[in-house]
Amino acid sequence: MIVEAKSAAPPTEDERRLRAPWRSVEIAFWVLAAAAYLLLPHQLPLLAQAAIGGLFALSVDLLLGIAGVMSLGHAAFFGIGGYVAGLLAQSGWGEPLSGLVAAGLVAGGCGFLSSFLVLRGSDLTRLMVTLGISLLVMEAANRMTWLTGGSDGLQGIDVWPIFGVWEFDLYGRTAYVYALGVLFACFLLVRRVVHSPFGLTLRGIKGNPRRMSALGTPVGRRLVGVYTLAAALAGIAGALLTQTTQFVSLDVFGFDKSSEALLAVVLGGAGTLYGAIVGALMLMELETLLARITPEYWQFWIGIAFMAQALYARGGILGFTVRLWTRLRRGVAAPSRTAP
Amino acid sequence: MTPALEMRRLTKSFGGLVVTNNVSLSLAPGERHALIGPNGAGKTTLVNLLTGVLAPSSGEILLHGEHITEKRPYLRARLGLARTFQVNQLFPLLTPLEAVVMAILQRRGIATRWWSGLTRDRAVLDEAWALLERLGLGDCRHEPTRELPYGRQRLLEIALALALQPRVLLLDEPAAGVSETEGRDLFTTLAALPPEVTVLLIDHDMDLVFRFAERITVLVGGAVLVQGPPQQIAADPRVREVYLGAESHG
Amino acid sequence: MLTVLFDGIATGALLFLSSVGLSVTLGVMNFVNLAHGVFAMTGGYVAVVLLNRWGVPFLATLPAAFAASAGLGVVVERLFYRKLYDAGALEQVLFTTGLVFAAMAAAAFLMGSQHQIIQLPAFLAGQFHLFKGFDLGVYRLFLIVFCGCVALALQLVLSRTRFGSRLRAAVDNATVANALGINVGRLFAVTFAVGCGLAGLGAALGVEILNLDPSFPLKFLVYFLIVVAAGGTGTISGPLLASLVLGICDVAGKYYVPDIGAFIIYGVMVAMLIWRPHGLFGRRAVR
């Protein structure tokens, strides 16, 4: 069937919407993040951790919010990346950027291999398989004491200055700039992917995998692709953590790591990318606050936060804000029409 | 001439229950064929067999002379076999424009590009826009699909199949649940399908079927009861008995 | 060798009690309940408190543990889970994960983070000496017999009573069962409560064998999931067999190859899920 292209060209509005140009809010977000370096000099170590958590949550959002794949074991790749960077630095190669690349490659490779196990069956099976694999990886790291230092963690990590110039300092200045820079670079990549044909396909798969295959899309293969990419990004986040703290322990594989990233994504609003970063920041602030109030039992309140989120705040903070915003702009009238 | 779509002794059984029984059917290129039958006759099962959602217990399926019996659903779609669904299978959060662009990108084999934007190929946009305009979806192309009225969603269901520029199109009850006015729009759309596309229409709506089809196959209990041009089917006493009588359409 | 087998069967029996209820919520109601261990842990701690602080006789703590867990199950199900049945798996995961975290912190706050120790009554302590090299712990024998009886009772309830036939109908097809006038919601609620009660009973019986401490819900989550994944849903024999195999593997693994211990279990789980995503013996959940 041939569609006649001679009809009037589509309005430029179509092109603008599909191109997803940068909005001023987005630019403001990054300017603000950069300005934090000057505005919050005492918070920098914490903000660096938030940027790392944000990158990890971003990788989970790519998987969950964009492609609709749920994982309870994404920390496996975070941990693998962390240990790759740690082992490299420990064995005498402390150059940070190449460490990140190596971590991303190894974690991505592991993600690629395990994707064939993960991406079958229902949501429930996926949850269990991802959980099982992450526990398996953690247990392996725990047993391979000669390589990983076991439960003591990896000692003696010496990371060189970035570009051979900027050394990591005690005030977290370098760490923050470095972490934010890497987060921004990865964000650009993810944003690009999400608004590409491949990204649109992923959103389609999330919406309706059955129809996607009727449209000629090999759903499994696309998911292998995004799972690999998400694993690589998680690995980079893990490597960042190792490099900025000069330490890595088995905690990086933990179940709470995986589930907190899920919470961060949902808290901020799944599928919005920014939501993942904001959610990770909020969760970190919340944990720091709780840890100050009840140092031993802060997990209780985090648990409560999980439950409240699940029950009352679907769509997340950002989702809520966006809904409110569009509602206000459209004028409060216009009730949404829904199909039977 | 090689048939566009051919089923040879197609059989599907679940346990002891035979839902498709030895169905042989052949559609010439460009043919407008309708498949009717009472509820439970196995019409949707047949579509699922043709598109590869289900695997037949025995028998063969050929698309333009090529065996596709073993092929996965997405490969059949790539070979030019498109379908619509009886129950909408759409993308609730995507806009019609995005969904159609997605289908077109897939057909053109550039859906795996991850480094370029969606607007790099102007031709894709032009095609999507023209298709949406043609189906009367132009004015709502930026609204999320789940907010569209049902009749529009039905049309989008067809638009997605057409975006694949299929050689064979399976329409599974396209008029299911649409109002009378919407039904007229729908028929206009179907009547305007390019003549070279082979269409297998499955529907309850006798008006639609008898106006649209050049040949009709009646399916009862999973088996072909009779096959022929509309006049012959309308006059056939067996058809009147099992179908028209039961459905009180006639 | 025989002792290992025997201990494994005893552990498996405990796992069966603790996880059989989960096969209903997870497998039949399709509710991603990662917090099953919370209900089990509750029963365990109730038994410990009653026994150690209040001096209640051991056997009398068991019904109390059952009742406490079942009660908690009813409350949580009615108040929260019910609202999440129609929500996505993601909300269910978040909620139950949160419940696990909160319960672990609460348990550490109330009971301390150490392993709990209980004093068994004299008639359950000690060992049978059957023949050379084969000693049977009386308590473990008691566990096996007890769990065997429970499994038998469950089987009878499921196959012989009106409740059982309704439940089986609901498992087969909830929609049809509903249409037939069976109150599926209440049926599941009752089953859920009983499942939680059994879990509590299992933890109460296994305070020492399963090492009851605040990390219990997370530690045994995987074991429970394995039992459900391998045992399938809708039968008693499936989870029973899966539990026994798992228990034996676990004990034997820790005994013979302590270096890779838990590794085997996780490996088995992943392998099993990949090999048969819908359970070894079970039918596919209908909904």
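Note on segment C:173-214: residues that are part of a helix (DSSP H, G or I) and polar (S, T, N, Q) total 3. Being within 26 Å of A:Thr201 (Cα to Cα), open to solvent by less than 40 Å² (accessible area, probe 1.4 Å) and in contact with a Gly (Cβ under 6 Å, 6 or more places away or on another chain) is the filter here, so list the residues in segment B:154-193 that pass it. Within segment B:154-193, B:Pro166 is the sole residue that qualifies.
Among the residues here, C:Gln116 does not qualify as open to solvent by 60 Å² or more (accessible area, probe 1.4 Å) and polar (S, T, N, Q). Candidates B:Thr181, B:Thr188: the one that is under 18 Å from the mean Cα position of the chain (by Cα), assigned to a helix (DSSP H, G or I) and free of Cβ contacts under 8 Å to residues at least 60 places away in the same chain is B:Thr188. Filtering segment A:138-156 to residues that are open to solvent by 40 Å² or more (accessible area, probe 1.4 Å) and either over 12 Å from A:Val248 (Cα atoms) or out of contact with any Gly (no Cβ under 7 Å at 6 or more places or on another chain) (or both) leaves A:Met138, A:Asn142, A:Arg143, A:Met144, A:Thr145, A:Trp146, A:Leu147, A:Ser151, A:Asp152, A:Gly156. Tell me, yes or no, whether segment C:56-63 has at least one residue that is under 25 Å from C:Ser243 (Cα atoms) and open to solvent by 30 Å² or more (accessible area, probe 1.4 Å). Scanning segment C:56-63, I find at least one residue that is under 25 Å from C:Ser243 (Cα atoms) and open to solvent by 30 Å² or more (accessible area, probe 1.4 Å), so the answer is yes. Of the residues making up segment C:150-164, just one is open to solvent by less than 50 Å² (accessible area, probe 1.4 Å) and over 16 Å from C:Pro239 (Cα atoms), namely C:Gly164. If you go through segment B:122-143 and pick out every residue that is in a loop (DSSP other than H, G, I, E, B), more than 7 Å from chain A (Cβ to nearest Cβ) and open to solvent by 40 Å² or more (accessible area, probe 1.4 Å), you end up with 1. The residue that is nearest to the other protein chains (Cβ to nearest Cβ), among those in segment C:90-104 that are open to solvent by 20 Å² or more (accessible area, probe 1.4 Å) and closer than 13 Å to C:Val32 by Cα, is C:Glu91. Is there a residue being more than 19 Å from C:Asn33 (Cα to Cα), modelled with pLDDT of 80 or more and within 14 Å of another protein chain (Cβ to nearest Cβ) anywhere in segment C:232-240? No: segment C:232-240 contains no residue that is more than 19 Å from C:Asn33 (Cα to Cα), modelled with pLDDT of 80 or more and within 14 Å of another protein chain (Cβ to nearest Cβ). Taking every residue in segment A:114-126 that is more than 7 Å from chain C (Cβ to nearest Cβ) and touching a residue at least 24 places away in the same chain (Cβ under 8 Å) and pairing it with any residue that is in a helix (DSSP H, G or I) and of a type in the set (Ser, Thr, Tyr), at least 6 positions away or on another chain, the pairs with Cβ-Cβ distances below 7 Å are A:Ser115/A:Tyr227; A:Ser115/A:Thr228; A:Val118/A:Thr130; A:Val118/A:Tyr227; A:Leu119/A:Tyr227.
Quick grid of which residues meet (1) facing another protein chain (nearest Cβ under 9 Å); (2) closer than 13 Å to A:Phe78 by Cβ; (3) touching a Pro at 6+ places or on another chain (Cβ under 9 Å):
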site: A:Asn208; (1), (2), (3): yes, no, yes
site: A:Arg211; (1), (2), (3): yes, no, no
site: A:Gly216; (1), (2), (3): yes, no, yes
site: A:Leu241; (1), (2), (3): no, yes, no
site: A:Phe255; (1), (2), (3): yes, yes, no
site: A:Ser258; (1), (2), (3): no, yes, no
site: A:Gly268; (1), (2), (3): no, no, no
site: A:Ile277; (1), (2), (3): no, no, no
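The set of residues from segment B:4-45 being modelled with pLDDT of 90 or more, closer than 24 Å to B:His204 by Cβ and assigned to a loop (DSSP other than H, G, I, E, B) comprises just one member, B:Glu31. The number of residues in segment A:291-306 being farther than 23 Å from C:Val76 by Cβ and aliphatic (A, V, I, L, M) comes to 2.
Residues that are at pLDDT 65 or above and within 7 Å of another protein chain (Cβ to nearest Cβ) were ranked within segment A:306-340; the one that is farthest from the chain's Cα centre (by Cα) is A:Leu311.
Counted as qualifying within segment A:13-117 are the helices (runs of 4 or more DSSP H) with 2 or more residues that are loosely packed, with under 15 Cβ neighbours inside 10 Å and more than 17 Å from the chain's Cα centre (by Cα), namely A:24-39. If the condition is being open to solvent by 50 Å² or more (accessible area, probe 1.4 Å) and more than 27 Å from B:Gly138 (Cβ to Cβ), then segment B:67-107 contributes B:His67, B:Glu70, B:Lys71, B:Arg72, B:Leu75, B:Arg78.
The values are calculated or read from the model by the stated rules, or taken from the named source; none is laboratory data. Quick caveat: nothing in here was measured; it's all calculated off a predicted structure. When we count neighbours, we look across all protein chains shown, and the Cβ atoms used for this are built from the backbone with ideal geometry, even at glycine. Remember, those area values only see protein heavy atoms, side chains included, never the ligands or the DNA or RNA. Shrake-Rupley method; radii C 1.70, N 1.55, O 1.52, S 1.80 Å.
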